[in-house]
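Data block below; observations after.
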Amino acid sequence: MAEDLEKIRQEIERLRREIERHNYLYYVKSEPEISDAEYDALLARLKELEEKYPQFYDPNSPTQRVGAPPAEEFRAVEHPVPLLSLDKVNSPEEFDEFVNRALRMLGDVSPEQLDFTATPKLDGLSVRLRYENGALVLGATRGDGFRGEDVTANVRTIRNLPHYLLSEEAARLPVVEFRGEVIFHKDDFERLNAELAARGEKTFVNARNGAAGSLRQLDPNITAQRPLKVYVYEVLLAEGKEFESHWEMLEFIESAGLPVVPYRKYCRTKDDVHRYFEWASENRDSLPFEVDGVVIKINRVEYQRRLGEVSHHPRWAVAWKFPSQEAVTTLLDVEWSVGRTGAVTPVAILEPVFVGGATISRATLHNEDEIARLGIKIGDRVVVKRAGDVIPEVVRPLTELRTGDEKDIVPPEHCPVCGAKLSRPPGEVIRRCPNRFCPAQVAESIKHFVSRKAFDIEGLGDKQIETLLKNNLISDAADLFSLKPEQLVKLERWGEKLATKIVNNIQNAKKIPLERFLFALGIPGVGEHLAQVLTEHFAKVVAEEKKGGKFKIDGERWSNSDIFERLRRATFDELVAINEIGPATAQSIIDFFADEHNQRFLKKLFAAGVEIVEPAVESEGEKPLEGLTFVFTGELDSMTRAEAQELVRKLGGRAASSVSRKTDYVVVGKNPGSKYTKAQQLGVKIINEEEFLRMVGLKK
Ligand code: IVH
């Protein structure tokens, strides 16, 4: 009997290690070896044995990742080594000063001898992780650096954190402690907030607060449902192990099977650090998690020891911060702006403030419901955010700073530009100006018409279009095509050269592929993507109908203008039957083409010489990707994702937006998203950018 039990114990142990290894392959390496079904089978067997033999309970068992029973309060824990903070620098000069100070203190070390490590500074919650004889025994928050809270049960639910160290070398150590950051990936965080909102629960202000709120939950079952991740950046303590450099330490962390902080870089020189900072600043928005700077460490442990630390931070490491993307300013007023479809939206007029590397004085307030949700008033001190190329937005008011003089924001009843009475259909968040000749709508739709993804007419910016309208040289976009240089020269400040150039640009834009043409029309609900979907769909319809003899077969290939004519005649039923097109959009397309004014406008365009043509890059009939479906994830170096999809279509393939068993190839660029994991799970073939370029003949 005892022997049987011993056998069971061994099987349980084996299963635990095996499942843990698959967790690691899946969550840390993103290289699973088995399918979900096989994984589930292993887990089910382990659960069965653990239920039958409760004497073998182990809090580190992979079955325990669902969360332990709630705690009354967190236990306080002393940190054996204090969890220090970091000194900050805000500019290249300040960073150089940090380096020079270190060199001065070290005395006999030359600048050439000093190397560095660089990692992103993750914006989350710092944790200490203790492993004894290879098993996770403690997870604690940083607290004040000396004492934190015991959050072991919660830490155990974090999917990418192994409960056992992987390498023999690490598992042999009696005690090893790590330090890392608990965070949310941006997409996980957005999904979580959407779920919370859908359930009517309170949402988190940002990913950092979300991570803190989720980790410091008394009920680990709740933490288990939050898609937290942890990344490790330091060994705090390793009895019986010496490191010569921080880089070596990071490699040890990785070999131990822990998720080491991603995008780390060894920097041979100070200049390499400058380059790393630039790289991180430029790519900040496309990283999968929030990053508020980079952490630079002097690499050699000997120098670290000699430099030592001051009360709360080491002299051998520094946080080089990005300019803040959030700032506080005053909401001076709200302007209501009229868009090309008549939508009237609120724009915040702000006291100018420097944020995210630029001074802003306007920001979006989205819509009336958003204003109500934020409870914002004119005169409020507000938090504004400017992240990368995203339009600056008002995040929230600081209601605690109110004086009582703030005024409510009152949406207008009449169009601020033409005075027409605004409509707000029940259930809609947006008021609209019903007057299609409203000067604001006309100007905005012409701006849209000439924009980069539409007719792409260079030299015609917002100012120029407003000047043309003001001087009555145009009344709609079709009029652009009959402009003469002489007419433009008469306008202020437009010299002959510039006038000729703009007219040439306009004339050269007349030939346009169908998807761009559709986008340019500005049919409500039809953006860049749906324009593409419609083009593809009706190309197929026309091809089918020609085969079926509904069209005269005259030996000529059907053209894109045939496709447009076909789309124009499409019925509501035909349109809603298309994937991705809902009833509202279908109706909007029908209404657009049924409208007499629009019909006149289209006639005018074609009369002016606008011609719908095949896309510029032709594959000369050769379709090397015929029958193949591609999905792209992550950033490509040589082209945008949209361009790559376009290329696939030109070469006869299909570009899909999500991975399924029918996908033939998933092309993985930098910072791939969940499609990558999905592809691995489904066993879809994964290729990198270079392999893709070779397939399409762009690389040998
Ligand atoms: S190293 C001696 N590396 O930033 C301090 N810290 O402002 C060693 N943090 O409390 C810290 N990402 O929570 C380090 N890649 C990274 C980090 C990082 C985020 C946090 C950490 C620390 C704070 C200091």
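With respect to S35, is the statement that it is over 25 Å from R179 (Cβ atoms) and not charged (D, E, K, R) true?
yes
Taken together, the criteria exclude T345 from residues that are buried (at least 20 other Cβ atoms within 10 Å of the Cβ), away from the ligand (no atom under 16 Å from the Cβ), part of a strand (DSSP E or B) and among the hydroxyl-bearing types (S, T, Y). Does the range 115-129 hold any residues that are buried (at least 21 other Cβ atoms within 10 Å of the Cβ) and either within 11 Å of the ligand (Cβ to nearest atom) or not aliphatic (A, V, I, L, M) (or both), and which are they? Hits for the range 115-129 are F116, T117, A118, T119, P120, K121, L122, G124, L125, V127, R128. Taking the range 230-282 as the search range and keeping residues that are buried (at least 17 other Cβ atoms within 10 Å of the Cβ) and basic (K, R), which one is farthest from L25 (Cα to Cα)? The extreme case among them is K270. Does T223 count as over 30 Å from L114 (Cβ atoms), free of Cβ contacts under 8 Å to residues at least 40 places away in the same chain and β-branched (V, I, T)? Here the answer is no, as T223 does not meet what is asked. Here the condition is being in a loop (DSSP other than H, G, I, E, B) and either on the phi > 0 side of the Ramachandran plot or of a type in the set (A, V, I, L, M) (or both); of L161, L192, L129, L136, it holds for L161 alone. Condition first: open to solvent by 10 Å² or more (accessible area, probe 1.4 Å), more than 32 Å from the chain's Cα centre (by Cα) and in contact (Cβ under 8 Å) with a residue 12 or more places away in the chain. Now tell me which residues in the range 165-203 satisfy that. Matches in the range 165-203: S167, E169, A171, R172, L173, P174, V175. Can you name the residue in the range 52-104 that is surrounded by fewer than 12 Cβ atoms within 10 Å (Cβ to Cβ) and in a strand (DSSP E or B) and is also modelled with the lowest pLDDT among such residues? For the range 52-104, the residue satisfying everything is A76.
Summed over the range 280-292, the residues that are more than 12 Å from the ligand (Cβ to nearest atom) and out of contact with any His (no Cβ under 9 Å at 6 or more places or on another chain) give a count of 7. Candidates in the range 509-535 are the residues that are over 27 Å from the mean Cα position of the chain (by Cα) and not hydrophobic (A, V, I, L, M, F, W, C); of these, the one that is most open to solvent (accessible area, probe 1.4 Å) is K511. Remark: pairs (first residue in the range 293-322, within 11 Å of the ligand (Cβ to nearest atom); second residue open to solvent by less than 20 Å² (accessible area, probe 1.4 Å) and of a type in the set (D, E, K, R); Cβ separation under 9 Å; 6+ apart in sequence or on different chains) = Q304/K297; P314/K297; W316/K297; A317/K297; V318/K297. Per the listing S638, S658, the residue uniquely closer than 21 Å to N579 by Cβ and among the polar types (S, T, N, Q) is S658. Condition check for R104 on (1) within 26 Å of V291 (Cα to Cα); (2) more than 16 Å from the ligand (Cβ to nearest atom): one failure, at (1). Of everything in the range 448-463 that is of a type outside the set (D, E) and surrounded by fewer than 19 Cβ atoms within 10 Å (Cβ to Cβ), the residue that is nearest to V503 (Cα to Cα) is G459. The criterion of being touching a Leu at 6+ places or on another chain (Cβ under 9 Å), closer than 23 Å to R568 by Cα and at pLDDT below 95 does not hold for Q487.
Filter the range 27-38 for residues that are more than 13 Å from R159 (Cβ to Cβ) and among the hydroxyl-bearing types (S, T, Y) and give the result. Correct list: S35 only.
Going by the conditions given, is A44 among the small types (G, A, S) and surrounded by fewer than 17 Cβ atoms within 10 Å (Cβ to Cβ)? Yes.
Going through the range 211-222 one residue at a time, which ones are away from the ligand (no atom under 16 Å from the Cβ) and either open to solvent by 10 Å² or more (accessible area, probe 1.4 Å) or under 20 Å from the mean Cα position of the chain (by Cα) (or both)? Within the range 211-222, G213, Q217, L218, D219, N221, I222 meet the criteria.
Each residue in the range 387-443 was checked for being at pLDDT below 90 and in a helix (DSSP H, G or I), and 3 pass.
Summed over the range 653-700, the residues that are among the small types (G, A, S), open to solvent by less than 60 Å² (accessible area, probe 1.4 Å) and within 23 Å of D187 (Cβ to Cβ) give a count of 6.
Mind listing just one residue for me: the one in the range 356-365 that is in a loop (DSSP other than H, G, I, E, B) and at pLDDT below 90 and, of those, most open to solvent (accessible area, probe 1.4 Å)? Can you show your working first?
Taking the range 356-365 and keeping what is in a loop (DSSP other than H, G, I, E, B), we get 356-357, 365.
Going one step further and asking which of them are at pLDDT below 90, we end up with 356-357.
Working: G356: 25, G357: 47 Å².
It comes out as G357.
When A171, A135, A118, A102 are checked against the criterion of being of a type in the set (A, V, I, L, M, F, W, C) and within 23 Å of A71 (Cα to Cα), A135 stands alone in meeting it. Quick one: would you say S658 is part of a loop (DSSP other than H, G, I, E, B), among the hydroxyl-bearing types (S, T, Y) and over 20 Å from S35 (Cα atoms)? So S658 does not fit the description; no. May I ask you to list the residues in the range 465-507 that are of a type outside the set (D, E) and in a loop (DSSP other than H, G, I, E, B)? Hits for the range 465-507 are N471, N472, L473, I474, S475, L483, K484, K490, L491, R493, W494, G495. How many residues, within the range 139-158, are farther than 14 Å from V81 by Cα and either in a loop (DSSP other than H, G, I, E, B) or among the charged types (D, E, K, R) (or both)? Within the range 139-158, residues that are farther than 14 Å from V81 by Cα and either in a loop (DSSP other than H, G, I, E, B) or among the charged types (D, E, K, R) (or both) number 6. Is it the case that V353 is assigned to a strand (DSSP E or B) and in contact with a Pro (Cβ under 7 Å, 6 or more places away or on another chain)? The answer is no for V353.
Taken over the range 130-183, the criterion of being of a type in the set (S, T, Y) and away from the ligand (no atom under 16 Å from the Cβ) is satisfied by Y131, T152, T157, Y164, S167.
Looking across the range 321-342 at every residue that is in a strand (DSSP E or B) and within 25 Å of the chain's Cα centre (by Cα), the one that is nearest to S85 (Cα to Cα) is identified as K321. The single condition among (1) assigned to a loop (DSSP other than H, G, I, E, B); (2) under 22 Å from H185 (Cβ atoms); (3) open to solvent by less than 50 Å² (accessible area, probe 1.4 Å) that E31 does not meet is (3).
The values are calculated or read from the model by the stated rules, or taken from the named source; none is laboratory data. In this text, all values refer to a predicted model and were calculated from it rather than measured experimentally. For neighbour counting, all protein chains shown are included, and Cβ atoms are generated from backbone atoms with ideal geometry for every residue, glycine included. Remember, those area values only see protein heavy atoms, side chains included, never the ligands or the DNA or RNA. Shrake-Rupley method; radii C 1.70, N 1.55, O 1.52, S 1.80 Å.
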